[in-house]
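Just so it is clear, none of the values below were taken in a lab; they were calculated from the coordinates. Nothing here was measured: the structure is a model prediction, and the numbers come from that model. Here the Cβ positions follow ideal geometry from the backbone for every residue, glycine too, while neighbour counts run over all protein chains shown.
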Amino acid sequence: MYNKRKIINDPVHGFISIPCELHYDIIQHPYFQRLNRVKQLGLSYMVYPGAQHTRFQHSLGAMHLMTEAISQLRSKGNEITEEESKAVLAAILMHDLGHAPFSHVLEDTLVTGVTHEEISMMMMERINKDLNGQLDMALEIFQNNYKKKFLHQLVSSQLDMDRLDYLIRDSFFTGVVEGSVGAARIIKMLNVHDDHLVVEAKGVYSIEKFLVARRMMYWQVYLHKTSVSAEQLLIKILNRAKELMMGGMELFASPQLKLFLSNNISKEDFKNDEKIMESYALFDDSDIMSAMKVWSNCSDKVLSFLCHNMLWRRLFKVEVRQEKVQESELDAYLKRYSEKLGITKEEAKYLLAVHPVSAYTYKSKSDSIKVLYSAQELKDITEASDLLDISLMSKHEQKYYFCYMKDCDLE
């Protein structure tokens, strides 16, 4: 029999063991192997050159942390059967299957009305079919339909293994040390109370550090204005390419990219047309990068201009504002672009963007983090913390990123 009990050397966690043959078969599936070709942080490498890691690496890391969490919870008397362990490990392993190329950037650009979580679920169902129903329980846990609700919280909550791994991993590869968290300490402090994942009182300070690190990573990495600038430029490129192709213009594209640019794909299309899912499973970062290199020399002035700027890193200038940009100001920019490049004002709209950005570090009203005290008393982390006013972190922060082309980049 072929040996499926492999050990993987991970730069963040060290040696990661593949728990059993089922998880090896998931990792070997083409849908999972695709994650090797999708960057975890999209275009953040334009700000942090080390951010070249993939969704594949992250998924393996999340599985490793889940293994540690299961071991800790069992050591405290919480019953997790071998079948449940296999299922929750499979669920966390597959949680990112549906991410589009360059991660979240294209979720509402090339496909509309369907989230990456929904696409992940459809891909998981297909893998389950290929593995003869071995993932039935994993699908139940992923959808929060399984009787033990704390297992779903380990996969998806404000303190899940997904968040723990991506904070540590993204901090490691970007070099933003403020995002590093003590995952081992947090996992050791986990417990279950009334079927709810909780943190023991001794772990309060670790959770405080976790929440502060999450906030730092959001504003320093995930919502860094230059990353947002690159993302908005890529969105404009694909929107322009789609407009041209939908209008009948022939553009170079891989078969899978052409499918999504030439059609308005909906959730129902994913469910009813197997060809669309198979095309999506082949769709990755390289499809878009290779297309942009060709489009930089295409006959359409706007598309070639945008692609040339992306390839040579002439990104949008970004101003972070607290209020919406006035229409009169936008119109002035459009008029200037139109005159300088000899394009219409409608075409000039591809040269700027107003992107509202918002973030919650902690949502206290839904799926809160509970702290368990020795007297079986539960407190929300916002009440339990005496180091900082964590309640401020549940405040909704909204900013407007005004992205536009500098005059020197119009030459």
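General remarks:
- Residue-count net charge about residue 188 - beta-carbon cut-off 15 Å; Lys, Arg +1, Asp, Glu -1: +3
- Under the shape rule built on the C-alpha gyration tensor, where the axes satisfy a ≥ b ≥ c, the range 86-207 is oblate, since a/c reaches at least 1.5 while a/b does not exceed b/c.
- Additional length obtainable on full extension of the chain from residue 117 to residue 201, 0.36 nm per residue less Cα span: 27.0 nm
- On Cα atoms only, tilt of 225-246 relative to the major axis of the chain in degrees: 60
- Among the listed pairs 340/399; 147/271; 242/301; 86/129; 86/202; 209/379, those beyond 21 Å (Cα-Cα): 340/399; 147/271; 86/202
- Of the GluC sites (Glu not before Pro) in the range 274-346, those whose Cβ has at most 13 other Cβ within 10 Å and which sit in DSSP loop: 323
- Prolate/oblate/rounded label for the range 247-337 (Cα gyration tensor, a/c 1.5): prolate
- Other residues whose C-beta falls under 11 angstrom from the C-beta of residue 172 contribute a net charge of -2, scoring Lys and Arg +1 and Asp and Glu -1.
- Other residues whose C-beta falls under 9 angstrom from the C-beta of residue 358 contribute a net charge of 0, scoring Lys and Arg +1 and Asp and Glu -1.
- Between 0 and 90°, nearest 10: helix 55-75 axis offset from the chain longest Cα axis: 20
- Centroid-to-centroid separation of the range 119-190 and the range 250-316 [C-alpha atoms, Å]: 30
- Three-way shape call for the range 184-341 based on the alpha-carbon gyration tensor, with the a/c threshold at 1.5: oblate
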